[in-house]
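Heads up: the structure comes next, in structure tokens.
Read-outs throughout are calculated quantities, based only on the coordinates presented, and are distinct from any laboratory measurement. Bear in mind that the values here come from a model prediction, so they are computed numbers and not experimental data. Here Cβ is always computed from backbone atoms with ideal geometry, including for glycine, and neighbour counts include all displayed protein chains.
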Amino acid sequence: MRIVTAQEMKQIEKNAAQSGLSYYQMMENAGAAAVSFILENLNNHTEHVLILTGKGNKGGDGFVTARLLTQRGYTVEILMVDGIPVTEDAKKNYNLCAEMNLPIHTFATQHDESFFRKFTLIIDALYGTGFHGNLHDTAAAAAAAVNAHIAAVVALDIPSGVNGDTAEADTNAIRANYTIAFDSLKHAHVAHSAAVYCGEVICADIGIPESCHALE
């Protein structure tokens, strides 16, 4: 069982990119791994899916997941908590979802209880393992709404609001039923204090060659 820090994971991804596996393909693989897990284990919760996205590459993972679940026939809506993504690969996947005419909302316009009530599965693709500090007001409100709603919750890589290295968590950090760790476990995944947020942790292969895990 490989456990790495957020910085070490960045280096592993950099090694993979230098070996020929693009960051875009890693994002695609992460979304595909999430969809595979959901279809195998949560198929009875996929009537109506909500995906929370942030502005970075974790949000990009969420857009890939949205696209692939839609292609499998599921009803998917996207809630951009921090607005339109800013990283290149996440932007590409946002544009693909927009071209598919998926319902894409902002938290400013869709945040009341009735909006969340219709979803049977919520996927957290807001913040990644590099998160530290506290959730800002909008993210905290979105996370609190998720935690107050009765639905299955899957976190991509790590629940938003949890520090991947220290396992420290914001008061409103998302409490997931399942966390899909990409490529390697992070320290929060095995910390007792973060178990209430991570739920059951599954480590998913996203195509990074074993040779890329050598760290100097």
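The lysines within cross-link reach of Lys186, meaning a Cα-to-Cα straight distance under 24 Å and a gap of 8 or more places when in the same chain, are Lys10, Lys14, Lys55, Lys58. At full extension, Ala195 and Leu42 could sit 53.1 nm farther apart than now, given 0.36 nm per residue minus the alpha carbon distance. Only Lys, Arg, Asp and Glu carry charge here, each on its Cβ (+1 for the first two, -1 for the last two); on that basis the chain has a dipole of about 240 debye about its Cα centre. Rounded to the nearest Hz, the phi-derived 3J(HN,Hα) couplings of segment 23-32 under the Karplus curve 6.51 cos²θ - 1.76 cosθ + 1.60 (θ = phi - 60°) are 4, 4, 5, 4, 5, 4, 5, 5, x, 5, where x marks glycine and proline.
Working from the Cα coordinates of segment 53-126, the gyration tensor eigenvalues give, after taking √(5λ), semi-axes of 18, 15, 10 Å in decreasing order.
A straight Cα-to-Cα reach below 15 Å connects Lys91 with the aspartates and glutamates Glu28, Asp61, Asp82, Glu99, residues fewer than 8 places away in its own chain not being considered. Label reach from His105 (point 7 Å along Cα→C-beta): in segment 60-78, amide nitrogens under 16 Å belong to 75-78. When peptides 174-185, 12-23, 114-125 are ranked by their average number of other Cβ atoms within 10 Å per residue, the highest-first order is 174-185, 114-125, 12-23.
Roughly how many whole Å is it from the C-alpha centroid of segment 1-70 to that of segment 145-161? Measuring centre to centre over Cα atoms gives 15 Å. Each listed q (0.09, 0.16, 0.17 Å⁻¹) maps to a log10 I(q)/I(0) for the chain from the Debye sum over equal C-alpha point scatterers, namely -0.30, -1.02, -1.17.
By DSSP, what percent of the beta bridges with both residues in the chain are antiparallel, rounded to the nearest 5? Approximately 5 percent, going by the DSSP bridge assignments.
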